[in-house]
Structure formats: C-alpha cells, structure tokens
Protein chains: 2
Amino acid sequence: MGRGKIVIRRIDNSTSRQVTFCKRRSGLLKKAKELAILCDAEIALVIFSSTGRLYDFASSSVKSIIDRYNRTKEEHHQVLNATSVKVCSFLMQHRLH
Amino acid sequence: MGRGKIVIRRIDNSTSRQVTFCKRRSGLLKKAKELAILCDAEIALVIFSSTGRLYDFASSSVKSIIDRYNRTKEEHHQVLNATSVKVCSFLMQHRLH
DNA sequence: TCAGCTATTTATAATAT
DNA sequence: TATATTATAAATAGCTG
C-alpha cells in the first residue's frame, strides 16, 4: 500500500526503518482494536521496537490474556499428553501380545 | 476496505461476525509478521475468538516476549516509584519548612 | 530529521457461486 | 456453510517542503 511495492525483509536504512515502524505499528494497533470490537475477541499485542521501546494493546489487560494463554497452552499439553499415553499403551500392548 | 464502509462496533449477526473474524484475524497476523521482519521488532500477538479458540504469533516465542514484557513493566514501576519518592520528599520538605 | 501528501498497493465488505 | 470474486475503503511507500 504505497507508491511502490516492497519485499518483506529487514529494512537496511535505519531512518526509513524507523519511519516504517512508526506507521505500521500504529496501523497494527488500530487493526487489533478493531478486530477485538467487531468480533468480540480477546486480544493482546506486545511490540518491542529494535531500540527496546515497548508498545502494547490489550482488549482487557495484557496480564489477564497472558494468564488465559498460559492456561490454554497447559490444557493443550494435557490433551497431547493424554493422547500420547493412549498411543503408547496401544503400541505396547501390540508389541507384548 | 470493502464494498461498503463499516462502523467499528460488535457485529450482531453471528455468521458475518465469524466470517469477518476469520478474514481480519489472518490480516492482523500477516501484518504482525511483516512488521517484525521489516523493522526488526519483537512482537507477540495473542487472539482468543469469542468461542475461546486461540490463535497466536510471536517473532521469537510468546513466552520469551511475555517475560520481557513483565521485566519491562517492572522497570517502569521502579522508575515511577523512584519518581514518586522524590516528589513526596520534595512536598514534605516544603510543608515542613 | 519530521510532519503532511497522494499514487499505489493491500485488505476486505458485500456478493456470487 | 465454505470458498472465490470484485468493487471499494483503508493503509502506506516514497515524495515534498
């Protein structure tokens, strides 16, 4: 979306990298907000610039979304583990008989 | 960006909310990736759909970015606290004299 | 550097299949 | 209900003062 097409690779020139960062960061934050509102989604977005500055957005709070993220990931692990156990016992039974 | 202009408010119709969620989610994830690459930024994006499904992107890993986020926030608190202490002592001195 | 401008590209809302 | 199309809105790359 601009005067020219660009390829997605690190921008070498540090000035234009900074300008692009500023423009696209605000675009990304805006779109995150819009998605959260339009679709009733819970969204957390954390951005560190290459100079270490922090920018963030969260539809509720970053902390609560991170907590939910961790809980969800744990559940996934449990599901995966439960499946693994089943697969393992299946394999073992068929080896042993 | 579409056949018509829309206002940013929760989409009532659940079917079109789902369709919009799907389209905009993929757009948001794409733009997060682009920003990370173009500008050498560290980005974490966590999205929970209204039905509780999790989608995420992280330029490195969500966990490491969350850790960095927490560390950065702690530093901010320390800075704020240090400032508060100074302001308080200034105010107290000027009250006491 | 640094904030506008606009020609283009890109994203997507509505529609069609 | 899911996928593809297309007209249009929105984002933004490079420019300009």
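Every number in this text was worked out from the coordinates using simple rules, so none of it is lab data. Because the structure is predicted, anything quoted here is derived from the model rather than measured.
Observations, loosely collected:
- Each residue of the stretch A:50-63 was assigned a 3J(HN,Hα) from its phi angle through the Karplus expression (A = 6.51, B = -1.76, C = 1.60, θ = phi - 60°), giving 5, 8, x, 7, 9, 10, 8, 9, 8, 5, 10, 9, 3, 4 Hz with x at Gly and Pro.
- All aspartates and glutamates inside 17 Å of residue B:31 as judged from Cα atoms, apart from same-chain residues fewer than 8 positions distant: A:34, A:56, B:40, B:42, B:56
- Across A:30/B:73; A:30/B:5; A:5/B:33; A:5/A:63; A:33/A:73, pairs whose alpha-carbon gap is larger than 27 Å: A:5/A:63
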